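Written below as structure tokens is the structure these notes are about.
Derivation of every value follows stated rules applied to the coordinates shown; laboratory data play no part. Nothing here was measured: the structure is a model prediction, and the numbers come from that model. So basically every Cβ, Gly included, is an ideal-geometry build from the backbone, and we count neighbours across all protein chains shown.
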Amino acid sequence: MALLGEIAPYVTADHGHHRQIRDHLVAMLVRHGFPRAAREVAERSLSAVKEWAATHPQRDEARFCLGAAHDTCGQARLADGQPVAAEAVLAVAVDIYHELAAEHPTFIEADQRLANSLQHLGEVHRALDLPEHKDKEYEIWSECSEIRARLFQANTSPGNGHRSRPGLPAPRRSGQARRRSGQRAEAAEHPPDDDGGGGGNVSVRRETRRGTRHCQGGRRRLRDA
């Protein structure tokens, strides 16, 4: 935390991605019991990101950063005992991610961030505990749960078609998916003969190689004995 505190004052405000350093500092300040300092850092960061996003040429990238800055500021204000002020900025974050999720339904990151901001907004309504907001609180938690369930289903279903935000690396495939891809590539390099046999029987060749290696290993052990 001390190192982050030394770095943060020198982080320029003309780049939205520098927000992540300030976000880390905010999280550390809250965790170690300095909510007021966390709120002040988050509010300064939000102002800087707003100024940067206003002129950034890539609109979607700017909105992702702007939504994150509002979300962080809302969490810091709630930690500092200001739920009403927290609700205002978290509602903006939810609106931003609603727009992004609607415009880019295959961007799984937009749904993930929307669910997180809905959860934080729900926590604010729970802290306010206003009878007139109970219906709204219920709607927030219901939507959050629905999105999380959809994300879980998409994550466990093969070929779900979701992708991350442009500029981010593609998610790594599982070992099973990589093995299937390699088997398909090997089969394409060795197509079957007209009678269905020959070079295309990849599994037979693989088992033959395994058997050969096993026999060679057995002969070496006999010689050593």
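Miscellaneous remarks
- Share of Cα-Cα pairs in segment 2-156 lying beyond 28 Å, as whole percent: 22
- As a proxy for reagent exposure, PHE64, PHE107, PHE34, PHE152 were ordered by neighbouring Cβ count within 10 angstrom, fewest first; the result is PHE152, PHE34, PHE107, PHE64.
- The simple Förster model, with R0 at 30 Å and r as the Cβ-Cβ distance, assigns GLN20 and GLU132 a FRET efficiency of 0.25.
- Going from the fewest other Cβ atoms within 10 Å to the most, the residues THR72, THR55 appear in the order THR55, THR72.
- Among CYS65, CYS73, sorting on how many other beta-carbon atoms sit within 10 Å of each Cβ, with the fewest leading, yields CYS65, CYS73.
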